[in-house]
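The values are calculated or read from the model by the stated rules, or taken from the named source; none is laboratory data. Note that this is a predicted model, so its numbers are computed, not measured. Neighbour counts run over all protein chains shown; Cβ positions are idealised from the backbone, glycine included. We work out accessible area using only protein heavy atoms, side chains counted, and drop any ligands, DNA or RNA first. Shrake-Rupley method; radii C 1.70, N 1.55, O 1.52, S 1.80 Å.
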Amino acid sequence: MTSAAAAQTWRGNGSMKLSFHGAARSVTGSCHLVEAAGRRILVDCGMIQGSRDLEEENATAFGFEPHAIDIVLLTHAHLDHCGRLPLLVKRGFRGEIIATEATRDLARLVLFDAAHLQEEDTRRRQRGAHRRGVDEVEMPLFTLLDVFDTLDRFGRRAEYGATIELAPGLRVRFFDAGHILGSASVLIEIDQGDEPRRVLFSGDLGNAGRPLLAPPSAPAEADIVVMESTYGDRRHRPYAASVEELCEAIAATFRRGGNVIIPTFALERAQEILFALRQGIEQSRLPPSMAVFLDSPLAIGATEIFRRHPRLYSAEVAALFAHHRDPFSFAGLHFVREAADSIAINRVTGGAVIMAGSGMCTGGRVRHHLRHNLWRPEASIVFVGFAANGTLARRIIDGARQVDLFGEAISVRAQIHTINGFSAHADQQELIDWRGRIAGVEKTFLVHGEETVMSVLAEKLPGPVEMPYQHQAFAL
Ligand SMILES: [Zn+2]
């Protein structure tokens, strides 16, 4: 079915409409719309990420009128969930954005960073066009000013478990999704006859057993569940085994005299890896004075925000904070903010761990570090997160012998490791268990997964399961 045909799909005679405008049979761009009780509520408004072609879709129409949206419920601060909010505001949204306090703090950082990248990218393309003598005026998707306007739209702060009234007969509750700091699943309740109708959006669900956050929680009951399916077809290695694998990869690389490059997502993953390295050093599995460069202003900013929310962590990490010990710090750690200091790392040819973004290597400082290390057989590249189709990270993981970086062909001779136990996402069994804890479900909608992966999970879930197409709408 084409998405145009899908947009016409309309079933049931319910008084609620649910439609999907992102992460439909794909992983990024989360954006779902609930229309009920005379209100239009958007759950997330994320950026589409991946190849250049995919990213160009961000500039197309949303599939609804931004000015007609009353409320946005933001599940968490990852760019693929909050990244189109400034565009929504730019195109006319004047309602309220509701999120947890940590999500608000992190989204602020993420959106300013995204606007900065958009503006830089546009300037670069304009310079290129100018050199070619083409008179082409490209506009960024949004600017820093749009981000300021977006921050003005953040209203009430959600607390886990507390009910927020959205309109008469319409409420929402946030549940800890255990995915990144401040992340939530949201349960929308609509008064209808004797019993309310309840629609639960999982947001992104965490991988239980990681040290920083609590495992995902869920309400006991819901009528409709919209859930993510990123890792719907596979199991993760246990966390402890993943830390072991990371320490071994680092030790072996240092013995060969190389550097370890870790393409790092700035939120959560960077802090988890810092925590794991700190543990490895404490347990004498890694050299005590090992040099670690966190070469990402965004990850550094996020780490500072993480330190501001000590009450959101697991008991083990909360105890460290209570004893004034920083879970994200150790002797050899260097925070690299300035570009000149980042370039200086190029002179380090061995014995260092270099963490830099972006996690999927689609941009950012990590591409420079790959250019300087990918061709060295003594170096290692350690992937610790999801790599979407079409990204440089995925090409390297899939065994490319040569990649293009800054117009130069670079041979891949470094050791390539993928360690998925650090994933911030639930694996197949955890997704099945989470869904299994919710009673009374009439229908489950799968989003936020690649189509083939989603189909595998759909087979394993109870009851009717839908895999909506982009812009498909359902009357419930
Ligand atoms: Zn996420």
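Here is how the numbers come out for the structure above:
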quantity: Residues within region 101-136 that are over 22 Å from Ala59 (Cα atoms) and under 16 Å from the mean Cα position of the chain (by Cα), tallied; calculated: 5
quantity: Number of the exception - Asp194 against (1) in contact with a Lys or Arg (Cβ under 9 Å, 6 or more places away or on another chain); (2) over 16 Å from Ala218 (Cβ atoms); calculated: (1)
quantity: Which listed residue, of Val243, Val226, is assigned by TED's automatic domain parsing to the domain that holds Val317 and touching a Phe, Trp or Tyr at 6+ places or on another chain (Cβ under 9 Å); calculated: Val243
quantity: Any helices (runs of 4 or more DSSP H) falling wholly within region 54-172 and containing at least 1 residues that are more than 16 Å from the ligand (Cβ to nearest atom) and either farther than 28 Å from Arg365 by Cα or open to solvent by less than 80 Å² (accessible area, probe 1.4 Å) (or both); calculated: 85-90, 101-131, 144-152
quantity: Any helices (runs of 4 or more DSSP H) falling wholly within region 255-345 and containing at least 2 residues that are of a type outside the set (Lys, Arg) and over 28 Å from Ala114 (Cβ atoms); calculated: 269-282, 315-322
quantity: Flag for Val382 being at pLDDT 95 or above, more than 16 Å from the ligand (Cβ to nearest atom) and in contact with a Phe, Trp or Tyr (Cβ under 8 Å, 6 or more places away or on another chain); calculated: no
quantity: Unique residue being touching a Leu at 6+ places or on another chain (Cβ under 8 Å) and among the acidic types (Asp, Glu) when the list is Glu248, Glu282, Glu272; calculated: Glu272
quantity: Residues satisfying the stated conditions in region 277-321, i.e. within 27 Å of His368 (Cα to Cα) and free of Cβ contacts under 8 Å to residues at least 24 places away in the same chain; calculated: Glu304
quantity: Residue in region 173-200 that is nearest to the ligand (Cβ to nearest atom), counting only those that are open to solvent by less than 10 Å² (accessible area, probe 1.4 Å) and of a type in the set (S, T, N, Q); calculated: Ser183
quantity: Some residue of region 274-297 being within 16 Å of the ligand (Cβ to nearest atom) and open to solvent by less than 30 Å² (accessible area, probe 1.4 Å); calculated: no
quantity: Qualifying positions in region 399-454 - more than 16 Å from the ligand (Cβ to nearest atom), open to solvent by less than 50 Å² (accessible area, probe 1.4 Å), out of contact with any Asp or Glu (no Cβ under 8 Å at 6 or more places or on another chain) and not in a loop (DSSP other than H, G, I, E, B); calculated: Val403, Leu405, Ser411, Ile432, Arg435, Met454
quantity: Boolean, Gly390 is surrounded by fewer than 18 Cβ atoms within 10 Å (Cβ to Cβ), on the phi > 0 side of the Ramachandran plot and in contact (Cβ under 8 Å) with a residue 60 or more places away in the chain; calculated: yes
quantity: Scan of region 177-232 for residues that are touching a Pro at 6+ places or on another chain (Cβ under 7 Å) and among the acidic types (Asp, Glu), ordered by number; calculated: Glu189
quantity: Hey, Pro216 part of a loop (DSSP other than H, G, I, E, B) and within 16 Å of the ligand (Cβ to nearest atom) or not; calculated: yes
quantity: Asn373 free of Cβ contacts under 8 Å to residues at least 60 places away in the same chain and either closer than 19 Å to Arg256 by Cβ or surrounded by fewer than 22 Cβ atoms within 10 Å (Cβ to Cβ) (or both); calculated: no
quantity: Single residue of His76, His116 found to be touching a Gly at 6+ places or on another chain (Cβ under 8 Å) and within 17 Å of Gln49 (Cβ to Cβ); calculated: His76
quantity: Any hit, region 238-256, residues being within 16 Å of the ligand (Cβ to nearest atom) and either modelled with pLDDT under 95 or under 29 Å from Arg371 (Cβ atoms) (or both); calculated: no
quantity: Test: His236 is under 19 Å from the mean Cα position of the chain (by Cα) and either surrounded by 24 or more Cβ atoms within 10 Å (Cβ to Cβ) or free of Cβ contacts under 8 Å to residues at least 60 places away in the same chain (or both); calculated: no
